Amino acid sequence: MFRSVSLSLLGALLLAAADVPLQKSAFDKPTLEAYLRHLFPLRPDWTVQVLDPKPSELLPGYSEVRVRVSQGNASQEVPLLVSKDGTKILQGNVYDVNHNPFKPDLDKLKTQFQPALGTAGAPVVLVVFSDLQCPHCKDEATMLRQNLITGYPTQVRLYFKDFPLESLHPWAKAAAIAGRCVFKQKPDAFWSYHDYVFGHQGAITPDNLKNQVMEWAKSDKDVDALQLGQCMDTKATEAEVNAEVAEAKALEISGTPTMFINGRRIANAIDWTNLKFIIDNEIEYQKTAKNAGDDCGCDVKLDIPGLPPPAPVVLPVKKQ
């Protein structure tokens, strides 16, 4: 009889367990995708890619899971934080009040040996990832050239980075390579080239790009057109452009223009009124925070074997 009671009790426990649904986990990629498609909601023709989790650096006990949603060439990544047991999801970023909120991107931005305008050591740095064939990039570049340096002659430093979108713009990478050839030969001439290409954007084709660049070179007496043509033909600066593209991908940039203002990401074209507002606030904030701004990169030291590396040069922040 004891055995019969035990078997009956075991059967009851098994039936009770059968009524309890299995606990789902956000670490299961199909489960998380289905949950997010319902949460946002996402269109059926949009592709959802759940990336592998990695430990969160700022929130112990949680893992960072990034989800990439895409349709054709357009995409966006959604950062998620998942609890250790996989049941809780937090959306968004984690900030530490002791550090610049944009530090992760600031650490990835490299400005040394890049085309630049403005004052070295300025408290506000703009880094623009641009595509010379992109119409929106042309509009933003025109706005910056007309307003930025005249409005902030000593307080802003602007850096230009190439991010040619080859799948959309067939001559953009060749133009970026040519721009790097100009910069390598005569850095100050880059901005004249920059303005010319954007100004003639509608007339340039993959077939006539070199002729257009040679036409521009005739107007700049300090540029050796023969040397420039050879640099373009051999694609001597392609590795530099590829490095910029790799940096843009590491920053998870999905389109152009993308601008960083002391690390603050502006993922779409911005007008002057809104840009000026951000710059003014950043100038005021950096008077006390001093956690962003230009790292100059203009003092190049020779690395001599056997000697310790030189200490970094810290420039004073220029006041308004």
Q.
Can you find, among SER63, ALA120, TRP191, the residue sitting farthest towards the positive end of the charge dipole of the chain, where Lys and Arg contribute +1 and Asp and Glu -1 at Cβ?
A. SER63
Q. LYS249 to ALA203: extension gain in nm, 0.36 nm per residue of separation minus the Cα-Cα distance?
A. 13.6 nm
Q: Please give the peptides 42-53, 262-273 ranked by average Cβ packing (other Cβ atoms within 10 Å per residue), highest first, as a rough proxy for protection.
A: 262-273, 42-53
Q. Each label point is 7 Å from the Cα along the Cα-to-Cβ direction; what then is the distance between the points at GLN49 and ILE89, in nm?
A. 1.9 nm
Q. How large is the charge dipole for the chain, taken about the Cα centre, if only the Cβ atoms of Lys, Arg (+1) and Asp, Glu (-1) carry charge, to the nearest 20 debye?
A. 580 debye
Q) Given a Förster distance of 51 angstrom, what is the FRET efficiency for LEU39 paired with ARG145, based on the Cβ-Cβ distance and rounded to 0.05? A) 0.75
Q. About its Cα centre, how strong a charge dipole does the range 43-94 have in debye, to the nearest 20, once Lys and Arg get +1 and Asp and Glu get -1 at the Cβ?
A. 80 debye
Q) Tilt of helix 190-199 relative to the longest C-alpha principal axis of the chain, in degrees (0 to 90, nearest 10)? A) 80 degrees
**Q.** Mean separation of Cα contacts under 8 Å (6+ apart) over length of the range 145-256, as relative contact order %
**A.** 34 percent
Q) Restricting to the range 103-286, what percent of DSSP beta bridges are antiparallel, rounded to 5? A) 60 percent
Q.
If you restrict to DSSP beta bridges whose two residues both lie in the range 41-111, what percentage is antiparallel, to the nearest 5?
A. 100 percent
Q) What does the charge add up to near SER167, with Lys and Arg as +1, Asp and Glu as -1, over the other residues with Cβ less than 15 Å from its Cβ? A) 0
Q) Can you give the FRET efficiency for SER70 and SER219, using 1/(1 + (r/R0)^6), R0 = 51 Å, r = Cβ-Cβ distance, to the nearest 0.05? A) 0.75
Q: Could you tell me what percent of the DSSP beta bridges with both partners in the chain are antiparallel, to the nearest 5?
A: 80 percent
(Q) Contact order normalised by length for the range 83-171, with contacts defined as Cα pairs under 8 Å and 6 or more residues apart; what percent is it? (A) 37 percent
Q | Positive-end residue of VAL94, LEU42, GLY179, charge dipole of the chain with Cβ unit charges | A | VAL94
Q.
Above 31 Å lies some portion of the pair distances; for the range 103-286, what is it as a whole percent of all C-alpha pairs?
A. 13 percent
Q. In a shell of Cβ-Cβ distance under 9 Å around ALA189, excluding ALA189 itself, what net charge do Lys and Arg (+1) and Asp and Glu (-1) give?
A. -2
(Q) Would you work out the Kirkwood radius for the chain? I mean one over the mean of 1/r across all pairs of different Cα atoms, in Å. (A) 23.2 Å
Q | Rounded FRET efficiency, nearest 0.05, which uses the C-beta distance separating LYS24 from PHE113 and R0 of 35 Å | A | 0.10
Q) Based on DSSP H runs of at least 4 residues, each adding -39500 (n - 2.57), what is the mean residue ellipticity at 222 nm of the chain after dividing by all its residues, to the nearest 500 deg cm²/dmol? A) -12000 deg cm²/dmol
Q: Starting at the first residue of the range 141-153, write each ³J(HN,Hα) from the Karplus equation 6.51 cos²θ - 1.76 cosθ + 1.60 with θ = phi - 60°, in whole Hz, x for Gly and Pro.
A: 4, 4, 4, 5, 5, 7, 10, 5, 6, 5, x, 9, x
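Taken together, the values in this text are just the output of simple stated rules run on the coordinates, not laboratory data. In this text the structure is predicted, and so the values were computed from the model without any measurement. Using ideal geometry, Cβ is built from the backbone for each residue, glycine included, and neighbour counts are taken over all protein chains shown.
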